[in-house]
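For reference, the structure discussed in these notes is given below.
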C-alpha cells in the first residue's frame, strides 16, 4: 500500500496475537483500524469479512455458527458491533480450540460492543483503542514510548526528532491526523471533514440516538469544538445548539464512546479539598476542531483566539495517544482550585505526580513552575515537572523542571 502510514500499535497487535484468542481494535471511523489489520494479515491464512455488507451482517445475526463455518478462523471481522450475536459463538470456538490469534475484530461504536464483550469474552479478549495518527507515526520515528517527564527518556526523544518551530506545529494541528489526509490520499481538509461529519459521525449519532436534526447536530459539535481544552459547560453548548441539556449530554456521551472526544478529570484527594469538580473537554483529532471552528489556514489558526486552547488540546491528545498506542492506560488529570491556581496536566505514575504546563512561548519563565508546589500538599511525591512549549531544544529551568519542545511528543 503506497501511502500506508505505519502505526505504533502494530507490534502490540502481533505480540497479543500470540497470547489471546481475540483481539478487538476500537476507535472512530476512518482512523485506520481495518487498514492496519489488513496490512498485518498479508501473507497469512487469515480471512477478512465486513459486516458493513448487509448479507454478511444478516447471516452473522441470524446464524452465528454458520457464519463461522463460512468464515473460518483465523479471521478478521470488520465492524463487529453490527452483530453482537457473534460474541457467544466466538466464546464457544475460543474455549473449544484454545488457539491464540483466532479472531481479530474491529468496531466503531464502542458501547454497542462493550456489553457483549464483557458478558461473553471476559478473559479471552485483548482490547486496543486506535485514534487518528500521532505525531510520532506521522514523522515515522518508529519507536513509540509513552510520554514521561524522565530526563533520559526526553533526551532520547530529542535524538530522534527534527527541530520544529511554531509554524510547523500549527501546520500539523491544522492538518490533523486522519490517515487519508496525512498520507496525501485526499488533499482538501474541508471536503474531507465535511464528508466525515455527514457520512460517519452524523450516521453513528443517528443510529445510537434516534433521529436527529442535522443542522442542530452541526451546531452542537461546532460549539463543543470551540470549547476544546476548557472546562465542560453543557448549558452553554446546549444553548448554542438550540437543544436541551439532556440531548447535549447524550450526544457528548456518544462522541466519547465513538472515540471522537475525551475528558480530563480534575485531580483531587482528601488533602486537596478546594479543587473544582468539572472535567475538561478534548478532541482526539485537532484537524476536525480547526475545521469546525472555521480556521482556514495554519497561519490564521496560529494567530487566532483559539491558538492557546487548540495547542493544549494537541499536546494532551498526543500524550494520550502515546499511551493508547502502547496498550497502556494513562493516568492524566488537570488541577484547578477555588483560588484559581491551575496546572494544565498532571501525570500520575509510580506514586508520583508530575506537573506539566503547556505554553505557546519559546522562552518560558521559571515562575510558571511556582504553582507546581501546590501538589506538595497532595500527600504524594512530586515528580519532575515540565513546560511543554515552542522551544527548539530540550533544556532545564532547574534541577526538577524541564523545558520540553512540543515537537518531541
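Tabulated values for the structure
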{"quantity": "Label point 7 Å beyond Cα of residue 380 along Cβ direction - residues of segment 245-266 with amide nitrogen under 16 Å", "calculated": "264-266"}
{"quantity": "Average projected area [Cα convex hull, segment 145-408], square nanometres", "calculated": "14.5 nm²"}
{"quantity": "DSSP bridge orientation in the chain - percent antiparallel, rounded to nearest 5", "calculated": "40 percent"}
{"quantity": "Order of 307, 235 - criterion: other Cβ atoms within 10 Å of each residue's Cβ, fewest first", "calculated": "235, 307"}
{"quantity": "Over segment 166-221: Kirkwood hydrodynamic radius from C-alpha pairwise inverse distances, Å", "calculated": "12.8 Å"}
{"quantity": "Share of pairwise Cα separations in segment 129-216, more than 21 Å, in percent", "calculated": "50 percent"}
{"quantity": "Proportion of all alpha-carbon pairs of segment 10-129 beyond 17 Å (%)", "calculated": "50 percent"}
{"quantity": "Rough spin-label spacing in nm, given labels placed 7 Å along Cα→Cβ, for residue 96 and residue 349", "calculated": "4.4 nm"}
{"quantity": "Contour minus Cα-Cα distance for residue 52 and residue 168 (0.36 nm per residue)", "calculated": "38.0 nm"}
{"quantity": "Potential extension, residue 370-residue 62 segment - 0.36 nm per residue separation minus Cα distance", "calculated": "104.6 nm"}
{"quantity": "Estimated FRET transfer efficiency when R0 is 30 angstrom, pair residue 19-residue 253 (beta carbons, to 0.05)", "calculated": "0.40"}
{"quantity": "Distance-filtered residues of segment 315-330 - backbone nitrogen under 11 Å, label point 7 angstrom along residue 39 Cα→Cβ", "calculated": "none"}
{"quantity": "Cβ crowding within 10 Å averaged over residues, with 41-49, 340-348 ranked highest first", "calculated": "340-348, 41-49"}
{"quantity": "Segment 145-408: relative contact order as a whole-number percent, Cα under 8 Å and 6+ apart", "calculated": "22 percent"}
{"quantity": "Pairwise label distance in nanometres, residue 294 with residue 175, each label 7 Å out on the Cα-Cβ vector", "calculated": "2.6 nm"}
{"quantity": "Nearest-0.05 FRET efficiency for residue 233 and residue 143, computed from C-beta distance (R0 51 Å)", "calculated": "0.85"}
{"quantity": "Angle in degrees between helix 151-160 and the longest Cα principal axis of the chain, rounded to the nearest 10", "calculated": "70 degrees"}
{"quantity": "Per-peptide average of other Cβ atoms within 10 Å, ordering 286-292, 19-25, 141-147 highest first", "calculated": "286-292, 19-25, 141-147"}
{"quantity": "Degrees between helix 166-175 axis and first principal axis of the chain (Cα, 0 to 90, nearest 10)", "calculated": "30 degrees"}
{"quantity": "Length-normalised contact order of segment 10-129 in % [C-alpha pairs under 8 Å, at least 6 apart]", "calculated": "41 percent"}
{"quantity": "Global size of segment 208-322 as Cα Rg and Dmax, reported in angstrom", "calculated": "14.9, 46"}
{"quantity": "Gain upon complete extension [residue 265, residue 360; 0.36 nm per residue less C-alpha separation]", "calculated": "31.9 nm"}
{"quantity": "Burial ranking of peptide ranges 62-75, 122-135 (average Cβ count within 10 Å, highest at the top)", "calculated": "122-135, 62-75"}
{"quantity": "Principal-axis tilt of helix 245-257 within the chain, Cα atoms, nearest 10 degrees", "calculated": "70 degrees"}
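Any read-out appearing in this document is the output of simple, stated calculations on the displayed coordinates, not a laboratory observation. On a predicted model such as this, the values are computed, not experimentally measured, just so you know. When we count neighbours, we look across all protein chains shown, and the Cβ atoms used for this are built from the backbone with ideal geometry, even at glycine.
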